[in-house]
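A.B. asks: Shown below is the structure under consideration.
The values are calculated or read from the model by the stated rules, or taken from the named source; none is laboratory data. As the structure is a computational prediction, the values presented were derived from the model and not from experiment. As a convention, Cβ positions derive from the backbone with ideal geometry for all residues, glycine included, and neighbour counts pool all protein chains shown.
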């Protein structure tokens, strides 16, 4: 019985080590096999023009690809600014809601995605701009 327990434990440790061995960090992408295109990470274009900040808005927080802002202007005006700005920068809108009080936009440009949410906040607007890679 003891031998069976030790044997099962050894098998479990071996499985964990084999799994972890495959989880090493490789900073450079592996070369593509012959006659196959390179991986998307190898051909990813440089970041393009950033999403503009609404004029006069103040940044309330920023982390990674997410920026939170506040404006004293109404949400409808701020939302219209972002719809125009995204179109001018070549973004394709994939989802849009523009209501009486708020605007939500999801757009794509190449391998970039952005979500812009504008809603009333006190006497002004709360703005959330989040960028992310898309396949």
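A.B. asks: Taking segment 106-117 on its own, how many of its residues are part of a strand (DSSP E or B), over 17 Å from residue 55 (Cβ atoms) and in contact (Cβ under 8 Å) with a residue 24 or more places away in the chain?
C.D. replies: Matching residues across segment 106-117 total 4.
A.B. asks: Moving on. Checking residue 92 against (1) surrounded by 13 or more Cβ atoms within 10 Å (Cβ to Cβ); (2) closer than 18 Å to residue 133 by Cβ; (3) at pLDDT 95 or above, only one condition comes out false. Which one?
C.D. replies: (1)
A.B. asks: Ok, one more. Can you tell me which of 55, 120 is surrounded by fewer than 12 Cβ atoms within 10 Å (Cβ to Cβ) and either in a strand (DSSP E or B) or at pLDDT 95 or above (or both)?
C.D. replies: 55
A.B. asks: Residue 135: farther than 16 Å from residue 60 by Cα, touching a helix residue (DSSP H, G or I) at 6+ places or on another chain (Cβ under 9 Å), surrounded by fewer than 16 Cβ atoms within 10 Å (Cβ to Cβ) and in contact (Cβ under 8 Å) with a residue 40 or more places away in the chain, yes or no?
C.D. replies: The answer is yes for residue 135.
A.B. asks: Here is a further query. Pick from 102, 128, 119: which is out of contact with any helix residue (DSSP H, G or I) (no Cβ under 8 Å at 6 or more places or on another chain) and in the same structural domain as residue 49 (by TED's automatic domain parsing)?
C.D. replies: Going through 102, 128, 119 in turn, just one is out of contact with any helix residue (DSSP H, G or I) (no Cβ under 8 Å at 6 or more places or on another chain) and in the same structural domain as residue 49 (by TED's automatic domain parsing): 128.
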